[in-house]
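Encoded as structure tokens, the structure appears first; notes follow it.
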Amino acid sequence: MSTIETTGKTIEDAVRSGLVRLGRMKDEVDIEVLEEPKSGFFGFGSKPAKVRITEKEGVPTVPTMESQPAAVEKPVAPAAAEPAANAAGAAEEAVPQVETEPAEAETGDDFTAEEAAAKAKAFLQEVLKNMGIDVVIEKMIKSDKVLLHLHGKNLGILIGKHGQTLDALQYLTNLTTNQGERTRHFIMLDVENYRHRREETLKQLAIRLANRVKKNGDRVVLEPMNGYERKIIHVTLQNDPQVRTESEGQDPYRHVVIYYQE
């Protein structure tokens, strides 16, 4: 059972950001408003809304990128480093404004990966059509996920900063696809092979920063990342005896720290 605290311009924005991070629907969590938003005077003294979101006991586990078996993330260290500024606001801006219907009653029939892929593809085609974006969607059925590749022109808008818009669209696709189904499937979206390119970039970054840590005998704090990207850093450096990696902080500021060790 996970608990996170998120902020936003409004309470609704803060809640939506938390649901994206947890991969949950609104009726699967308990929401506590910690701080009401304040507009301030001519922009001065304004404060965002702050909420605490806790998963309810007994709700089924929804597959997310963080639950994939690529690697086991290391435990949180006691001390947390300072996170990069404004990451939460960027994530909140990336989440589309939608209203979700109450969850339907679960069916007793098995929901196959092929059916999930077709349902997810239909949802994406409708959303992107309304956005005026033409895409070709290629599917790949794997043992642990359904991978949908989106191809087309000028699709950078679907990626966003460090993939935040793509992650938000992926969350909504999973939410819609698995709603009311007993068997759930993880749907991963990729735009023009972005995730592979991002993975290679993170691997190179991890190696470069690890070399800096070994040279200076100090530590390096990376920017906040989602669980899937943090695992890439951990796996890349797990066999280097001179460094260790830890995930620190709370979502949406959770990040990796690379430490020197003799």
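Bear in mind that the values in this text are calculations on the coordinates, not laboratory data. This one's a predicted model, so the numbers in the text were calculated from it and none came from an experiment. Every residue, glycine as well, gets a Cβ built from its backbone with ideal geometry; the counts of neighbours run over all protein chains shown.
Of all residues in the stretch 226-249, exactly one satisfies the criterion of being surrounded by fewer than 21 Cβ atoms within 10 Å (Cβ to Cβ), hydrophobic (A, V, I, L, M, F, W, C) and within 21 Å of the chain's Cα centre (by Cα), namely VAL235. Number of residues in the stretch 128-149 that are loosely packed, with under 13 Cβ neighbours inside 10 Å and of a type in the set (A, V, I, L, M): the value is 3. Residue check: GLU223 meets all listed conditions (1) crowded, with 17+ Cβ neighbours inside 10 Å; (2) under 16 Å from the mean Cα position of the chain (by Cα) but one, namely (1). Scanning the stretch 221-242 for residues that are assigned to a helix (DSSP H, G or I), farther than 21 Å from GLN164 by Cβ and free of Cβ contacts under 8 Å to residues at least 40 places away in the same chain yields THR236, LEU237.
Somewhere in the stretch 250-257, is a residue assigned to a helix (DSSP H, G or I), surrounded by 14 or more Cβ atoms within 10 Å (Cβ to Cβ) and touching a helix residue (DSSP H, G or I) at 6+ places or on another chain (Cβ under 9 Å)? Spell out how you get there, then give the answer.
Step one: list which residues in the stretch 250-257 are assigned to a helix (DSSP H, G or I), which gives none.
No, the conditions are met nowhere in the stretch 250-257.
Here the stretch 200-220 is the region considered, the condition is being touching a helix residue (DSSP H, G or I) at 6+ places or on another chain (Cβ under 6 Å) and either polar (S, T, N, Q) or part of a helix (DSSP H, G or I) (or both), and the residue that is surrounded by the most Cβ atoms within 10 Å (Cβ to Cβ) is ALA206.
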